[in-house]
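Visitor: Dropping the structure in here first, questions after.
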Amino acid sequence: MLNIKLTSRLSSMMIGLLIFFVPFFSYLSPENLRQLSNSIILEIFLSLVIILIVIFISSFSVKMLMKLLYKKNIILFPLFCFAFYLNFSYIPFTEYVEKLINLNQDTQSRLLIFIFFELCCLAIIVFGAKFYAFSIRIILIFSIFMLIYTFIPFVSYLTENIVKSTTSSFEIKNNQIAQNMPLTNRNVYFIILDGMMAIESAEELNIINKKEVLDSLSNTGLKYIDRSLSSYDRSTLTLASILLIDYHQTANSPKFVNNRNFYPLIMSRLNIELPLLSYLKKANSSFYWSGSNMASCVPASKWECINEKNHFSGKSSFKFYITTPIPRIVNHLLNLSDESQDSITKFLRYIDNDMPKTPFFAFIHHNSPHSPYLVTSECKQTNEYMRYEKLFEGYKASYHCALQKLQMFMEKINNIDPEAIVVFQGDHGLRMNNLDVRMTNNENYLINAKIFNAIKAPEICFKKYGLPKTNVNTIRFSLNCAYGFKLPYRENTHYTMPKYGTVVERKVYE
């Protein structure tokens, strides 16, 4: 009797629906429910309905084809639904394979892993069709087990929220949290000006007048910090040091063989806990990532994306599919990746339409004045500086444009969020040997090590924590000032990479 019930059309359809909606109910965990609005839950449900219709049509079409060619009448709907469920394990599977055989996270490797994974799903459908009654039993038992496992915390959460009213509080669980300073839930805007050399270096090269720039910065509320230096001599390492809030590579570190642990690849690795995000979570602060043409924001449940062409891939409802291949496929098909260097304008457009809920930390990677030099000093688009003999003029124009973008940003933020903490900082300076300016090797590394560093924060923070002069110490300063942490400063150190895989410490200021 059990066989008849399980293999009937109605039973098979019901079992298919059970396994299909397991990811949806698993997603409604207490932690997610605290962050999800009703509209987002509805969006996720409606998107699942669309996928369900596609699965139903596909399974019915293949069923009819099999009936026509092989005279077999098998209901494939539950097997297709199970294959859909398996796709939520795609990213963990990818991480495991990459770690197992030490693959780089390049496009070709990921494509091969994707093809292999989907072939495995297809093989499971074929196996299930061959041993249908057995497969249906397994899917039913698995679905019931997963739904029970999901519903226990879900019901508990609903009961708690119906019986008691919840109040938000800042819970102290870490000895690096100090609540001895008045907090106002300040938002933090951490803007990387990629390749932005120090003002003093720019004046030496006749790019700007230092006094004029300092006066302009002061008028916006920014304090310029002299004698600042980058943590590392390149973006991938420096930006990783901000996310890890520490020096991750030193002269004594083992040699690294690829960039998997550095920016931006580290953002897409599920098995790595990013300290910056952990501290923000303790402070009940959300993370917004505004990417650039160097690295688009990768959709994830841990942050909100602000990408260039539209915000579809950054929508909270889209995060439901984050462990599946769907976000990558959609981004590729709709070409949603960033192509612009200008993340500042993009971020300002975003907050005009959708100001984040406070408190939040905005990580904005503005990939300028880094090459290519595609703007004039008035920030108009141009290809004038792409020739080798004009590269330095191109950097100079991009530097002036970056200062204009800074002014534009500060005017906006001072108006809508005057209590915010704002950081404008270079991740490294300029490698002069790549331009039409001849310098000694020593002069070149110094120009590259000395960075632009301007911060707007309450004066009490500067008095309490001192002036942060490196990328690592600036992110520590920001967390301390905004959320009351007491992260100690690291030594002001700059590392260069003389050959791939190792770094050495270099003296910048005597």
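The values are calculated or read from the model by the stated rules, or taken from the named source; none is laboratory data. Only a predicted model underlies this, so the values are computations on that prediction, with no experimental measurement involved. Every residue, glycine among them, receives a Cβ derived from its backbone with ideal geometry; neighbour counts consider all protein chains shown.
Visitor: Yes or no: the stretch 235-243 includes at least one residue that is at pLDDT below 95 and touching a Pro at 6+ places or on another chain (Cβ under 7 Å).
Guide: No, the stretch 235-243 contains no residue that is at pLDDT below 95 and touching a Pro at 6+ places or on another chain (Cβ under 7 Å).
Visitor: Considering the stretch 351-375 alone, what residues qualify as being hydroxyl-bearing (Ser, Thr, Tyr) and modelled with pLDDT under 90? Spell out how you get there, then give the answer.
Guide: In the first step, residues of the stretch 351-375 are kept if they are hydroxyl-bearing (Ser, Thr, Tyr); the result is 358, 368, 371, 373.
Once the filter is applied, which keeps residues that are hydroxyl-bearing (Ser, Thr, Tyr) and modelled with pLDDT under 90, the stretch 351-375 yields Thr358, Ser371, Tyr373.
Visitor: What number of residues in the stretch 349-378 are of a type in the set (Ser, Thr, Tyr) and closer than 19 Å to Met294 by Cα?
Guide: 3
Visitor: Another question about this same structure. I need the full set of residues from the stretch 31-81 which are surrounded by 12 or more Cβ atoms within 10 Å (Cβ to Cβ), hydrophobic (A, V, I, L, M, F, W, C), under 25 Å from Ser11 (Cα atoms) and modelled with pLDDT under 85, in order please.
Guide: Of everything in the stretch 31-81, those that are surrounded by 12 or more Cβ atoms within 10 Å (Cβ to Cβ), hydrophobic (A, V, I, L, M, F, W, C), under 25 Å from Ser11 (Cα atoms) and modelled with pLDDT under 85 turn out to be Met66, Ile74, Ile75.
Visitor: Return yes when Leu158 is surrounded by fewer than 19 Cβ atoms within 10 Å (Cβ to Cβ), in a helix (DSSP H, G or I), outside the structural domain of Tyr495 (by TED's automatic domain parsing) and modelled with pLDDT under 65 and no when it is not.
Guide: Criteria met by Leu158.
The rows are residues; the columns are (1) of a type outside the set (D, E, K, R); (2) more than 21 Å from the chain's Cα centre (by Cα); (3) in a helix (DSSP H, G or I).
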{"position": "Ile75", "(1), (2), (3)": "yes, yes, no"}
{"position": "Pro92", "(1), (2), (3)": "yes, no, yes"}
{"position": "Glu118", "(1), (2), (3)": "no, yes, yes"}
{"position": "Cys121", "(1), (2), (3)": "yes, yes, yes"}
{"position": "Phe134", "(1), (2), (3)": "yes, yes, yes"}
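Visitor: I'm checking my understanding of the structure. Among residues of the stretch 253-295 that are aliphatic (A, V, I, L, M) and part of a loop (DSSP other than H, G, I, E, B), which one is nearest to Glu505 (Cα to Cα)?
Guide: First, the residues of the stretch 253-295 that are aliphatic (A, V, I, L, M): 257, 265-267, 270, 272, 274, 276-277, 280, 283, 294-295.
With the extra rule that they be part of a loop (DSSP other than H, G, I, E, B), the set shrinks to 257, 270, 272, 274, 283, 294-295.
Working: Val257: 19, Leu270: 30, Ile272: 26, Leu274: 24, Ala283: 33, Met294: 26, Ala295: 27 Å.
The residue in question is Val257.
Visitor: Only one of these conditions is not met by Ser201: (1) small (Gly, Ala, Ser); (2) at pLDDT below 95; (3) within 20 Å of Val472 (Cα to Cα). Which number is it?
Guide: (3)
Visitor: Same structure again: Of the residues Glu378, Glu411, which single one is at pLDDT below 95 and either surrounded by fewer than 20 Cβ atoms within 10 Å (Cβ to Cβ) or not in a loop (DSSP other than H, G, I, E, B) (or both)?
Guide: The unique qualifying residue is Glu378.
Visitor: Next up: Show the residue pairs meeting these rules: Cβ distance below 8 Å; 6+ apart or different chains; first residue within the stretch 351-376 and under 24 Å from Lys282 (Cβ atoms); second residue of a type in the set (Lys, Arg).
Guide: Pro359/Arg186
Visitor: Given the conditions (1) in contact with a Phe, Trp or Tyr (Cβ under 9 Å, 6 or more places away or on another chain); (2) surrounded by fewer than 22 Cβ atoms within 10 Å (Cβ to Cβ); (3) assigned to a loop (DSSP other than H, G, I, E, B), and given that Tyr373 satisfies all but one, which numbered condition is not satisfied?
Guide: It fails just one condition, (2).
Visitor: Which condition breaks for Asn441 when tested against (1) surrounded by 16 or more Cβ atoms within 10 Å (Cβ to Cβ); (2) at pLDDT below 95?
Guide: (1)
Visitor: Further, regarding this structure: Restricting attention to the stretch 482-510, report how many residues are at pLDDT 90 or above, out of contact with any strand residue (DSSP E or B) (no Cβ under 8 Å at 6 or more places or on another chain) and of a type in the set (Asp, Glu).
Guide: Total meeting the criteria: 1.
Visitor: While we're here: Where the second residue is modelled with pLDDT under 95 and not in a helix (DSSP H, G or I) and the first is exposed (fewer than 15 other Cβ atoms within 10 Å of the Cβ) and lies in the stretch 454-465, which pairs have Cβ atoms under 9 Å and are six or more apart or on separate chains?
Guide: Matching pairs, first to second residue: Ile460/Met181; Ile460/Pro182.
Visitor: Out of (1) modelled with pLDDT of 90 or more; (2) within 21 Å of Met196 (Cβ to Cβ); (3) aliphatic (A, V, I, L, M), the odd one out for Ala295 is which?
Guide: With (1) modelled with pLDDT of 90 or more; (2) within 21 Å of Met196 (Cβ to Cβ); (3) aliphatic (A, V, I, L, M) applied to Ala295, the lone miss is (1).
Visitor: Return yes or no: is Phe287 aromatic (Phe, Trp, Tyr), free of Cβ contacts under 8 Å to residues at least 60 places away in the same chain and within 24 Å of Leu487 (Cβ to Cβ)?
Guide: Taking the combined requirement at face value, the residue does not satisfy it.
So that you can scan it fast, the table gives a plain yes or no per residue for (1) under 25 Å from Pro356 (Cα atoms); (2) hydroxyl-bearing (Ser, Thr, Tyr); (3) under 15 Å from the mean Cα position of the chain (by Cα):
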| residue | (1), (2), (3) |
| --- | --- |
| Leu217 | no, no, no |
| Tyr232 | no, yes, no |
| His248 | no, no, no |
| Phe256 | no, no, no |
| Phe262 | no, no, yes |
| Glu273 | yes, no, yes |
